[in-house]
Structure formats: C-alpha cells, structure tokens
Amino acid sequence: MQGEPEVAVLRLGHRPGRDERMTTHVGLTARALGADRAILAGDASKSQGTVEDITDRFGGPFAVELTESPKAVIRDWDGAVVHLTMYGERVQDVEGEIREAHSESGDPVLIVVGSQKVSFDVYEAADWNVGVTNQPHSEVAGLAVFLDRLFEGRELDREWTDADQIVVPEETGKTVVPADDDDG
C-alpha cells in the first residue's frame, strides 16, 4: 500500500490451461487487498493481461510481471519472505512478528503462493511458512486472509488512482460509473 514498504505476491507453479482462473484470482486478490505487485511464474500471460486490464479500468497503482525464474525471485528478494502453506505456523501466532518486520522495520515482503506441489527449498528459503488454517483450502482464500491481517483492514479503505470506472457501494444493485462522474 502507498506509504508502506513494498508487498509483492509471487505465484508459483502456473500450469497453462489448468490454472488460468486461479492465477488470475491470485493477481486480482493481491491487487484488491493491498499488494503493490504480482509476479507470476511461467506462461501466465493471459492472467497478466486480465489483471492489467482490471487495473487500467478500476485504478492502481498495481504492477504485474512474469518470471521464468521464481526461485531466483525468492533468492534475490531484499526483505522478508512469507510462504503461505497449510503446513506452516498458524497465521494468528506469527502475524504480529511479520507485521513488525514489514511496517516497523521497513522490510519489503514477498508473499509466495503455490499451486501444485511446492518444493522443499521454498520452505527453507522462507522466513516464515504460514498456514491460514492447517486445512486444505484455496490459495486465493489464504492470500486474502493473510493480506487483511498484514494490513489490519487498512487495505479496505484504499484510494485508487487513474481509474476509468468506479463501483458504487449500495445495498442492492450493481452500479459502475465513470470515474469522473460526480454522482459516484
């Protein structure tokens, strides 16, 4: 989020044709809930394009990039690495320590989200292996819960710049107006 050290999300193990929707949702969730950028491993250009299109229409800042070397991203990261896994320490037990490293110490945070089986070297390279419940669930759900806990809800009041469209909050209905519409 603006004014805070960087938060990036690295999506591991993208399988074209099989993971398009899930990888896209990892990127959209990262954007919507406060991360500064998403790094998508492998041939995830369709997902990249979708997230860039949403950012163009609904505002940013948010960046999406592709990498063929996700392990190099982890190895070369200058800050804290958090690997989200159901096998990790409970999020409620380590969130304060991670938040302190991020906001008080000023360390950028790389959040690693897998898809298929994650190799053990990712577990070893991470500063924290974090479980958002130790039950099987979606990596998108884990990312959403983790980001909300990292930012303590501040991401929900984020201001978006350069938006073409704005969703109008309302009890019923689905209203989207041009960003320059004074009635929105």
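Table for the structure above
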| read-out | value |
| --- | --- |
| Number of the exception - Ala144 against (1) among the small types (Gly, Ala, Ser); (2) out of contact with any helix residue (DSSP H, G or I) (no Cβ under 7 Å at 6 or more places or on another chain); (3) within 22 Å of Arg90 (Cα to Cα) | (2) |
| Whichever residue in the range 51-85 is polar (S, T, N, Q) and farther than 25 Å from Trp160 by Cβ and, among such residues, is modelled with the lowest pLDDT | Thr85 |
| Test: Gly79 is in contact with a Pro (Cβ under 6 Å, 6 or more places away or on another chain) and open to solvent by 20 Å² or more (accessible area, probe 1.4 Å) | yes |
| Some residue of the range 40-47 being open to solvent by less than 40 Å² (accessible area, probe 1.4 Å), farther than 17 Å from Ser115 by Cβ and of a type outside the set (Asp, Glu) | no |
| Residue list for the range 159-173, restricted to those being part of a loop (DSSP other than H, G, I, E, B) and surrounded by 14 or more Cβ atoms within 10 Å (Cβ to Cβ) | Trp160, Ala163 |
| Criterion violated by Ala38 - all others in (1) in contact (Cβ under 8 Å) with a residue 60 or more places away in the chain; (2) outside any helix (DSSP H, G or I); (3) among the small types (Gly, Ala, Ser); (4) closer than 25 Å to Asp121 by Cβ satisfied | (1) |
| Checklist (1) touching a Ser or Thr at 6+ places or on another chain (Cβ under 6 Å); (2) among the small types (Gly, Ala, Ser); (3) crowded, with 20+ Cβ neighbours inside 10 Å applied to Gly59, failing item | (3) |
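The values are calculated or read from the model by the stated rules, or taken from the named source; none is laboratory data. Quick caveat, the model's predicted, so the values are computed rather than measured. FYI the Cβ positions are ideal-geometry reconstructions off the backbone, even for glycines, and counts take in every protein chain you see. Each accessible area value is taken on the protein alone, full model and side chains, heavy atoms only, with ligands, DNA and RNA left out. Shrake-Rupley method; radii C 1.70, N 1.55, O 1.52, S 1.80 Å.
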